[in-house]
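To start, the structure under review is shown below, and the notes come after it.
The values are calculated or read from the model by the stated rules, or taken from the named source; none is laboratory data. Computed from a predicted model, the values in this text were never measured in an experiment. Note that we place each Cβ from the backbone using ideal geometry, even for glycine, and neighbour counts take in every protein chain shown. When the accessible area is computed, the model is the full protein with side chains, heavy atoms only, and any ligands, DNA or RNA have been set aside. Shrake-Rupley method; radii C 1.70, N 1.55, O 1.52, S 1.80 Å.
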Amino acid sequence: MTGIFEDLSTLGHEQVCFFHDKETGLKAIIGIHSTVLGPALGGCRMWKYASEQEALKDVLRLSRGMTYKAAVAGLKLGGGKAVIIGDARADKNEKLLLAFGKAVQSLNGRYITAEDVGMTVKDIDTMRTVCDSAVGGSNEGGSGDPSDMTAFGTFRGMKAALKFAGMGESFEGVKVAVQGVGNVGYHLCSYLSAAGAKLVVTDIYPEQLKKVQEQFGATVVAPDEIYSTDCDIFSPCALGAILNSRTIPMLKCKIVAGSANNQLEANEDGIELFKKGVVYAPDYAINAGGLINVAAELDGYNKEAVVSKVTKVYDTILDVLETSKNKSIPPHEAADALAEQKLAAKKSVDRAFAPV
Ligand code: NAD
């Protein structure tokens, strides 16, 4: 294992904080990757990590991803993330959430927390009783569940990918295979169905499948069949690392565009998709709708303004795909380059006007 500072140096983090509260059993890590563009915003994930190293690795990876997501979405926000080590079903309680809220508060706004895996809108409400830096609650001015806006952004990004692939912009008759019809996947199916797409779906929970089958006439396939489904668009909306050396050879789609975070298992998998001629809409660029939604709370939440901003995910995806084509680099590298450009531009402005 490498040392912590070696990891921070490789990934470029500013700060990592460990929080412990003996009374409630809170064990949390907050990773602040960058505050170059603004305060570091990112959700809190509660997960039963197999080891502390695994939790640290996750928070470092996720917080870095948030920096890139915010930059590409054009938000004045940095990247951060928190993890609480524990089982959300068994170990989560009010006292623990309050202890975590106080931990976030102690950072004086450098990190703003939100929902992620294992957390709910209600949990954010609890944290907000002791913490000013928590967004996505049900309070007045709170943005609530972000999944509909994530789905809408993903839908807009898919439209851009269709156009880029020379397939027009209409979803009429376009066959989309959706992996995971949970919060985001369900809303995405709703947008796609209304636009005339033909849906093939999979999930591991039969109740979720029944809902999309009944409401949108979707065809259901087994979880492993989704990769080889003959379709126009494959839309990963469940797990990370599902684009890998096992699954990529099975794909029969022209486009991969979905909401899941960290879809590529490794950088090489993005290169492989590019070589195969599959148009890939980079995950953090297409799924930014949820972040745009929660971030809007910081300026006074206005749904109309949010929808207008999320609509522009279309332009971001088109821009990234055009850059990828013009520079002959895979789209995920084009998205990284766009984020890094924005960070470098801000850093150079800050240097130019720094007090002497
Ligand atoms: P969710 O938990 O509500 O839905 C995920 C669905 O995937 C569930 O129905 C689950 O049963 C299903 N699933 C799990 N394993 C599966 C498998 N092996 N095969 C098929 N289906 C499987 O989560 P969500 O909020 O809808 O988020 C979906 C993805 O989008 C996640 O990767 C999440 O990180 C990402 N994301 C979500 C948001 C948001 O606003 N919720 C924002 C950005 C990114």
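Looking at H33, H20, just one residue is open to solvent by less than 40 Å² (accessible area, probe 1.4 Å) and either touching a Pro at 6+ places or on another chain (Cβ under 7 Å) or not hydrophobic (A, V, I, L, M, F, W, C) (or both), and that residue is H33.
Counting only helices (runs of 4 or more DSSP H) that sit wholly inside the stretch 240-297, those with at least 3 residues that are of a type in the set (D, E) are 267-276.
When each of A285, A241, A257 is tested for being within 13 Å of the ligand (Cβ to nearest atom) and more than 17 Å from G65 (Cβ to Cβ), the lone residue that passes is A257. Please go through the stretch 183-211 and pick out each residue that is modelled with pLDDT of 95 or more, touching an Asp or Glu at 6+ places or on another chain (Cβ under 8 Å) and farther than 22 Å from K254 by Cβ. Result: H187, L209. I need the full set of residues from the stretch 131-185 which are under 27 Å from F100 (Cα atoms), outside any loop (DSSP other than H, G, I, E, B) and within 9 Å of the ligand (Cβ to nearest atom), in order please. S147, D148, M149, T150, N183, V184, listed by residue number.
Taken as a whole, the stretch 174-181 holds no residue that is out of contact with any Pro (no Cβ under 6 Å at 6 or more places or on another chain) and more than 20 Å from Y227 (Cβ to Cβ). The stretch 25-114 holds helices (runs of 4 or more DSSP H) entirely within its bounds, and those carrying 2 or more residues that are closer than 13 Å to H13 by Cα map to 52-72. The residues of the stretch 302-319 include none that are out of contact with any helix residue (DSSP H, G or I) (no Cβ under 8 Å at 6 or more places or on another chain), within 16 Å of the ligand (Cβ to nearest atom) and either modelled with pLDDT under 95 or within 24 Å of K163 (Cα to Cα) (or both).
Just to verify a result, which residue in the stretch 186-212, among those that are within 20 Å of the chain's Cα centre (by Cα) and surrounded by fewer than 24 Cβ atoms within 10 Å (Cβ to Cβ), is nearest to the ligand (Cβ to nearest atom)? By that ranking, first place goes to D203.
The residue that is nearest to the chain's Cα centre (by Cα), counting only those in the stretch 213-238 that are within 12 Å of the ligand (Cβ to nearest atom) and within 15 Å of F155 (Cβ to Cβ), is C237. Looking across the stretch 97-115, just one residue is open to solvent by less than 30 Å² (accessible area, probe 1.4 Å) and within 17 Å of N183 (Cβ to Cβ), and that is A114.
Counting only residues that are more than 14 Å from the ligand (Cβ to nearest atom), in contact (Cβ under 8 Å) with a residue 60 or more places away in the chain and within 30 Å of G136 (Cβ to Cβ), the stretch 260-282 holds 1 of them.
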